[in-house]
Amino acid sequence: AGHIIHQYLGAGVDTTIAAIGNIVALFGRHPEQFKLVREKPELVPAAFAEVLRYWAPVHIWGRKATRDVEIEGVVIPAGAQVGILFGAGNRDPRHYENPDSFDVLRNPVDHLSFGYGPHGCAGQGLAKLEAHAIIEALARRVESLTLGDEVREPSNITRSIERLEVVKVSAA
């Protein structure tokens with residue numbers, strides 16, 4: 001059980017921190033979307049799904065092909081290392097209309113940020129509870145966010161914010 005808990009915590013800490021920072025940054029950048037969530041708290045789950053779709057906390061994850069697979073005319077041979085680009089998949093215009101717009105009404109429950117199938121994130125239930133609580137608290141207690149300087153955490157794996165200056169928070 002110790003190994004399972006270690007993996008659960010190890011995989012979930014950086015991604016949760018990244019997702020929380022992305023929530024604040026996106027609501028600050030898109031005040032009209034934050035206003036929708038404030039007016040309709042039932043949008044909280046959809047808003048979090050859209051945050052994960054729009055800015056996937058994990059850029060890439062590796063897998064090894066166990067058999068030859070053809071994808072759109074390209075054969076990936078058995079044994080090949082494959083990089084799964086979550087953010088690119090979440091912005092696929094063949095799947096999402098206006099993929100480069102942040103829209104909390106979209107409710108993209110099929111985003112790729114938690115992985116899929118047997119490789120799906122084991123901690124996604126906890127991540128949703130944490131993020132929903134944060135979004136709900138922001139929506140109840142904060143009218144608007146004004147952002148200052150942002151410094152991204154340099155990483156090949158996560159999309160995370162090292163520092164985000166919140167210049168002004170108007171209390172509700």
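Here are the numbers for this structure:
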quantity: Filter pass, A25 being surrounded by fewer than 21 Cβ atoms within 10 Å (Cβ to Cβ), small (G, A, S) and either part of a helix (DSSP H, G or I) or at negative phi (or both); calculated: yes
quantity: Of the criteria (1) part of a loop (DSSP other than H, G, I, E, B); (2) without any contact (Cβ under 8 Å) to a residue 24 or more places away in the chain; (3) touching a Gly at 6+ places or on another chain (Cβ under 7 Å), which one F114 fails; calculated: (2)
quantity: Tally, over the range 33-69, of residues that are farther than 24 Å from E162 by Cβ, of a type in the set (G, A, S) and touching a residue at least 60 places away in the same chain (Cβ under 8 Å); calculated: 2
quantity: Single unsatisfied condition, A88 versus (1) without any contact (Cβ under 8 Å) to a residue 60 or more places away in the chain; (2) under 22 Å from A11 (Cβ atoms); (3) touching a strand residue (DSSP E or B) at 6+ places or on another chain (Cβ under 7 Å); calculated: (3)
quantity: Lone unmet requirement of (1) β-branched (V, I, T); (2) surrounded by 14 or more Cβ atoms within 10 Å (Cβ to Cβ); (3) touching a residue at least 12 places away in the same chain (Cβ under 8 Å) for V109; calculated: (2)
quantity: Only listed residue being of a type in the set (V, I, T), modelled with pLDDT of 75 or more, assigned to a helix (DSSP H, G or I) and under 17 Å from S170 (Cβ atoms), chosen from V37, V13; calculated: V37
quantity: Exclusive hit being of a type outside the set (D, E), without any contact (Cβ under 8 Å) to a residue 24 or more places away in the chain, farther than 30 Å from D149 by Cβ and part of a loop (DSSP other than H, G, I, E, B), set P99, P93; calculated: P93
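To keep it simple, each residue is scored yes or no on (1) within 14 Å of I134 (Cα to Cα); (2) out of contact with any Pro (no Cβ under 9 Å at 6 or more places or on another chain).
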position: I17; (1), (2): yes, no
position: A25; (1), (2): yes, yes
position: G28; (1), (2): no, yes
position: K35; (1), (2): no, yes
position: R38; (1), (2): yes, yes
position: L43; (1), (2): yes, yes
position: F48; (1), (2): yes, yes
position: R53; (1), (2): no, no
position: A56; (1), (2): no, yes
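The values are calculated or read from the model by the stated rules, or taken from the named source; none is laboratory data. Small disclaimer: the values here were computed from a predicted structure and weren't measured. We place every Cβ from the backbone using ideal geometry, glycine too, and count neighbours over all the protein chains shown.
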